[in-house]
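Have a look at the structure below before the remarks.
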Amino acid sequence: MSNGFLRGIIIIGFIALGLAILYPTYKWYYVFNETEREIGSTSQKEVNNLIEELEININQIRNALKNNSEFYYILESSKSSKVVLDIRPEKRDYNLNLDFERLKNIINKVNPDYNDFKSLEESFNKSKQYIAKIAEIESYRGIRNRIIKLGLDLAGGVHFVVGVDKDELKKIIEEKYMSLMDKNKIIDELKAKNYDPKTLAQEVDKRIEKLLEEKEKRVETEEKESIDRVLLKIRNRIDQFGVSETVIRKSANNTITIELPGLKNKDAAKEVITKVGRLTFQLVNEDLVKKTPLEYKDAKGIIVNKEYIYKLKTELPDGTVLLWVQEQDKFGIPRDIGVLPVFKKVELDGERIKDARVEYDPTGLPYIGFDLDSEGADIFAAITKANVGNRLAIVLDDKIQSAPVIQTQITGGRAQITGSFSLEEAQTLSAILRAGSLPVPIRIEEERVVGPTLGKDQIEQGLNASILAIILVVLVMLVYYKWSGLNASFAQVLNLLFILAVMAQLGSTLTLPGIASIVLTIGMGVDANVIINERIKEELREGKGIESALRLGYSSAFRTIFDSNITTIFSGIILALIGSGSVKGFGVVLIIGLLANLFTAVFITRFIYDIFVYKFRIKKISI
């Protein structure tokens, strides 16, 4: 049996690896109770809040130690390697494995004048609680990150299809232009510019006609483009739901499909999704930024050191707030990269923006140009005159989207934001500015709740269908191919194991179409084994020996199996690339299943035959 031992090790290794990968999935769905699964589903926002509270209390301990870093890390004794205290700022996992009396003794030596031990004991106990809570959440989340996720059709949850309320949008635009087309205002503006009274009436009519054309064009443009701004807003807000398998995608008829698996509070989700965001311009507190140590900031002057951020939150002066700065990653998903201290006072409201667009400088680099109404232009001129050299933060839903430096006073109501923008970044920022100029009214086109009971029933039905399919396959193969059929059936069980293991490793989401794809793959696997067994039978009928029949049977069958699987894999790739939602899930599972099928139907079944032929020296195959 050539290389038999090595092949056996490879197969056993794959089986062991598959079982190890699937163990977290088994543990999550069949061992953990509902409470434990809820802990593992805690959102990053909630975790950040806990970390923030922990940092506040840890800082109380550091202050009691007179911020002497020499005492941030303490071993149980000089002869022991056990850590009893570790509150170093660079460490993410703090350690408070000592009682309060020992900490008190350390503080008395370091800071003899300290006497607020009652408050310190409260901070110490809270810190221990937060450390334990964060560790528990991270433990369960670590397991959750390694499981097969369930889609909306299996886990239950909420499904929304949202669109732009075009009637309301048109009404908002008309109201916005109504004040601009006020004859008295236009006359006063023209008189201020010393227009000839004889041509004044004619000029007013021209202005109104131009504004009417502009309004109609704006309505047409907004109906087409506003859905992209809605998509941006929803993506910015979705993290607070604590759902990691969310689906947010543009759909037909200028709508957006939102799926939140496992979410139970439909009304809360609906309120957050349909809320109209507010865009504001607020000045950055540059004095606080300058006081921040250089190593705690990135090249753009954004504060990125988390420990310093938490410390800074406890020391903010009145009238200042810390806001997170967002950037879009390469997939278009908003990510928090750091914070900037900004003044709470809103210098300019986004509703003062008339329009925003991407423009290009003489070298071809994109920048963002935007126009303000007359009142906004006056306010902006005053702001920019008084704050040259400072940054003006553009804030949407309490997140800083950009913080350009004011380079000079800007008058006339036309401004531009320059920088090393990519075209995608410039388009995103201009869309954000337009979102401020015109809050888009969102309408729920469709809403559906998939209850957990329905999801459970569907899972059971899908699993029962898969098990029934495997049982029928085993019975048919046993009846028709005898013990060779058992070999093929064993290969299909391993095929199912490998499919689920790969899905868990890739973090794939299992849906009902995915289960259907698994059943289809089992059928394809059986088909491959039928071809192999028929080729072997043909060789045996021609009088070939067992060894020759196996070799020739597998050799002649492999090309047919390979061709049929590869062509179907290409179909799966197309479904995975072009399709979305359930169709995409079907394609992904199909690709995984067919690749696993090539391994189990050919490699593993041949190895089992070789064991009986070369190890046990059988004289006849039961086929």
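The values are calculated or read from the model by the stated rules, or taken from the named source; none is laboratory data. What you are looking at is a predicted structure, and each value in this text was computed from that prediction instead of being measured. Virtual Cβ from ideal backbone geometry, glycine too; neighbours counted across all protein chains shown. Heads up: the accessible areas ignore ligands, DNA and RNA and are worked out on the full protein's heavy atoms, side chains in. Shrake-Rupley method; radii C 1.70, N 1.55, O 1.52, S 1.80 Å.
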Among the aspartates and glutamates, which have Cα under 18 Å from the Cα of Lys344 when same-chain residues fewer than 8 positions away are ignored? Glu286, Asp287, Glu315, Asp318, Asp397, Asp398
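By the scheme Lys and Arg +1, Asp and Glu -1, what is the net charge of all other residues having a beta-carbon under 12 Å from that of Glu122?
+1
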Between Val164 and residues 5 or more places away or on another chain, which pairs have amide H atoms under 5 Å apart, with H built 1.01 Å from N, and which residues are they? Arg443
Can you send over the solvent-accessible area of Glu216, 1.4 Å probe, protein chains only, in Å² to the nearest 10? 100
Met181 - accessible surface, heavy atoms, 1.4 Å probe, Å² rounded to 10: 40
Gyration tensor verdict on segment 125-170 (Cα atoms; rounded if a/c is under 1.5, prolate if a/b is larger than b/c, oblate otherwise): oblate
Mind checking which of Gln401, Leu6, Phe558 is farthest towards the positive end of the chain's charge dipole, using Cβ charges of +1 (Lys, Arg) and -1 (Asp, Glu) about the Cα centre? Leu6
Along the charge dipole of the chain, which of Val162, Ile518, Tyr481 sits closest to the positive end, that is, farthest toward it, with unit charges on the beta carbon of Lys, Arg, Asp and Glu (+1, +1, -1, -1)? Tyr481
Using only the alpha-carbon atoms, how far is helix 483-506 inclined from the longest principal axis of the chain? Give it as 0 to 90 degrees, nearest 10. 20
Quick one: which residues, 5+ away or cross-chain, put their amide H under 5 Å from the amide H of Leu279? H built at 1.01 Å from N. Gly350
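Where does each of Asp287, Asp298, Asp318 land when they are ordered by accessible area, with a 1.4 Å probe and the largest first?
Final ranking, largest accessible area leading: Asp318, Asp287, Asp298.
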Working out 0.36 nm times the residue gap between Glu101 and Leu6, then minus their Cα-Cα distance, what length gain in nm do you get to one decimal? 28.2 nm
The ³J(HN,Hα) series, computed from each phi in segment 177-191 with the Karplus coefficients 6.51, -1.76 and 1.60 at θ = phi - 60°, rounded to the nearest Hz and given as x for glycine or proline, is 7, 4, 5, 5, 8, 5, 4, 4, 5, 5, 4, 4, 5, 5, 5
Given only helices, namely DSSP H runs of n ≥ 4 each adding -39500 (n - 2.57), what is the per-residue ellipticity at 222 nm of the chain, to the nearest 500 deg cm²/dmol? -19000 deg cm²/dmol
Charge dipole (debye, nearest 20) of the chain; +1 at Cβ of Lys and Arg, -1 at Cβ of Asp and Glu: 2120
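Stretch Glu174-Ser555 to full length: gain in nm at 0.36 nm per residue minus the Cα-Cα span?
129.7 nm
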Let me know the shape class of the chain, please: from the alpha-carbon gyration tensor, a ≥ b ≥ c as square roots of the eigenvalues, rounded when a/c is under 1.5, otherwise prolate if a/b is greater than b/c, or oblate. oblate
Skip the ligands, DNA and RNA, and give the accessible area per residue of segment 1-139 with a 1.4 Å probe, whole Å². 60
Of the cross-linked pairs Lys171/Lys270; Lys45/Lys233; Lys345/Lys399, which ones have a Cα-Cα span greater than 19 Å in the structure shown? Lys171/Lys270
Indicate the gyration tensor shape class of segment 300-412 (rounded, prolate or oblate), computed on the Cα atoms with a ≥ b ≥ c the square roots of the eigenvalues: a/c under 1.5 is rounded; otherwise a/b larger than b/c is prolate and the rest oblate. oblate
Can you give me the solvent accessible area of Val358 with a 1.4 Å probe, rounded to the nearest 10 Å²? 40
Quick check: the angle from helix 452-481's long axis to the longest principal axis of the chain, C-alpha only, nearest 10 degrees? 30
Using the Cβ atoms and a cut-off under 9 Å, what net charge is assigned to the surroundings of Ser374, where Lys and Arg are +1 and Asp and Glu are -1? -3
Separation of alpha-carbon centers, segment 599-621 and segment 127-146, rounded to whole Å: 48
Any idea how many Lys pairs in segment 477-623 come in under 29 angstrom at the alpha carbon, given 8 or more places apart or on separate chains? 11
Give me the 1.4 Å probe accessible area per residue for segment 156-210, excluding ligands and nucleic acids, in Å². 64
What distance in nm lies between label points placed 7 Å from Cα along the C-beta direction at Lys109 and Ala252? 7.5
Rounded to the nearest 10, the angle in degrees between the Cα long axis of helix 44-64 and the longest principal axis of the Cα atoms of the chain comes to 70
Testing the spin-label approximation: label points 7 Å from Cα along Cα→Cβ at Glu122 and Tyr30. State their distance in nm. 4.9
Would you mind computing, in nm to one decimal, how far apart the modelled labels at Glu214 and Lys615 are, each placed 7 Å from Cα along Cα→Cβ? 8.4
Given a 1.4 angstrom probe, I'd like the percentage of the accessible area of the chain that is carbon and sulfur, rounded to a whole number. 54
Per residue, in Å², the accessible surface of segment 334-400 once ligands and nucleic acids are set aside, probe 1.4 Å: 45
Under 16 Å between alpha carbons, and skipping anything fewer than 8 positions from Lys297 in its own chain: which lysines qualify? Lys306, Lys311, Lys313
Within the chain, which is the longest segment that contains none of the chymotrypsin sites (Phe, Trp or Tyr not before Pro) sitting in a DSSP loop with at most 12 other Cβ atoms within 10 Å? 1-330
Positive-end extreme of charge dipole, the chain - chosen from Ile172, Leu96, Pro366 (charges on Cβ): Leu96
Near Glu52, within a Cβ-to-Cβ distance under 10 Å, what is the net charge of the other residues, with Lys and Arg +1 and Asp and Glu -1? 0
